[in-house]
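Student: Please read through the structure below; I'll follow up with questions.
The values are calculated or read from the model by the stated rules, or taken from the named source; none is laboratory data. All figures in this text were calculated on a predicted structure; none of them were measured in a lab. Glycine also receives a Cβ, built like all others from the backbone with ideal geometry; neighbour counts cover every protein chain displayed.
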């Protein structure tokens, strides 16, 4: 479903094909907000679609680095303080505890227990690098989807879930048209519960298959 098709579908749902009560810019805004919400909800079910990774070179004495421009939400961070050392999984910390790291045993960073925090579009790591390390940081994150703008633009949301983009946009726009979004919201939430149930079932089947194969090879 391309953007023009989503646009027409939303127009039809709102019952205002002539665009008397809204502008093209508003409709595009609602659809992009819908896409973002669908992506957020799918992220909470599986990282299979929008997960990405990035590697960052560290510099001596520098503890904050630019996140990838398409990073929307960090999943995990690994960091090594020495070129020959292993990547160690970082523990997340809140920026407000940044200054307490040296005074609180729980927040005392080390090569084997490093920490990470996010401040705007910056990723912070502790302990502070004592030398330059190529690919010293690895970040797993959920990427931000490109905005839909042109008629032929297509969302990266899987095709079978793209109708939810329009449904979510309808929920956002409904009050402006005097429509009660409650029933629409219930439908929307029910769709995601069904998706979650399917993915949970598929994961259980997949894990059972791996366990069975492991048993055969043992």
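Student: Taking the stretch 24-58 as the search range and keeping residues that are surrounded by 14 or more Cβ atoms within 10 Å (Cβ to Cβ) and touching a strand residue (DSSP E or B) at 6+ places or on another chain (Cβ under 6 Å), which one is nearest to residue 168 (Cα to Cα)?
Tutor: Among those residues, the one meeting the criterion is 43.
Student: Looking only at the stretch 163-185, how many residues end up being at pLDDT 90 or above and either buried (at least 21 other Cβ atoms within 10 Å of the Cβ) or in contact with a helix residue (DSSP H, G or I) (Cβ under 6 Å, 6 or more places away or on another chain) (or both)?
Tutor: Going through the stretch 163-185 one residue at a time, the tally reaches 13.
Student: Go through (1) assigned to a loop (DSSP other than H, G, I, E, B); (2) at pLDDT 90 or above; (3) under 30 Å from residue 64 (Cβ atoms) for residue 135 and report which single condition fails.
Tutor: Going through the list (1) assigned to a loop (DSSP other than H, G, I, E, B); (2) at pLDDT 90 or above; (3) under 30 Å from residue 64 (Cβ atoms), residue 135 breaks only (1).
Student: Whether any residue in the stretch 52-71 is modelled with pLDDT under 90 and within 30 Å of residue 201 (Cβ to Cβ) is what I want to check.
Tutor: No, the stretch 52-71 contains no residue that is modelled with pLDDT under 90 and within 30 Å of residue 201 (Cβ to Cβ).
Student: Among all residue pairs at least 6 apart or on different chains, which show Cβ distances below 7 Å where the first residue, located in the stretch 54-83, is at positive phi and the second is surrounded by fewer than 17 Cβ atoms within 10 Å (Cβ to Cβ)?
Tutor: Pairs found: 61/128.
A quick yes/no check of all residues on (1) farther than 26 Å from residue 112 by Cβ; (2) part of a strand (DSSP E or B):
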residue	(1), (2)
46	yes, no
62	no, no
75	no, yes
85	no, no
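Student: Looking at the stretch 138-162 only, could you name the residues that are in a helix (DSSP H, G or I) and surrounded by 17 or more Cβ atoms within 10 Å (Cβ to Cβ)?
Tutor: 161
Student: A further question follows. Out of the residues in the stretch 92-106 meeting the condition of being within 24 Å of residue 71 (Cβ to Cβ) and either in contact with a helix residue (DSSP H, G or I) (Cβ under 6 Å, 6 or more places away or on another chain) or at pLDDT 90 or above (or both), tell me which one is surrounded by the fewest Cβ atoms within 10 Å (Cβ to Cβ).
Tutor: Of everything passing the filter in the stretch 92-106, 97 is surrounded by the fewest Cβ atoms within 10 Å (Cβ to Cβ).
Student: A further question follows. Output the qualifying pairs, or none if there are none: Cβ atoms under 8 angstrom, residues six or more apart or on different chains, first residue in the stretch 125-137 and in contact (Cβ under 8 Å) with a residue 12 or more places away in the chain and on the phi > 0 side of the Ramachandran plot, second residue crowded, with 17+ Cβ neighbours inside 10 Å and not in a loop (DSSP other than H, G, I, E, B).
Tutor: 135/56
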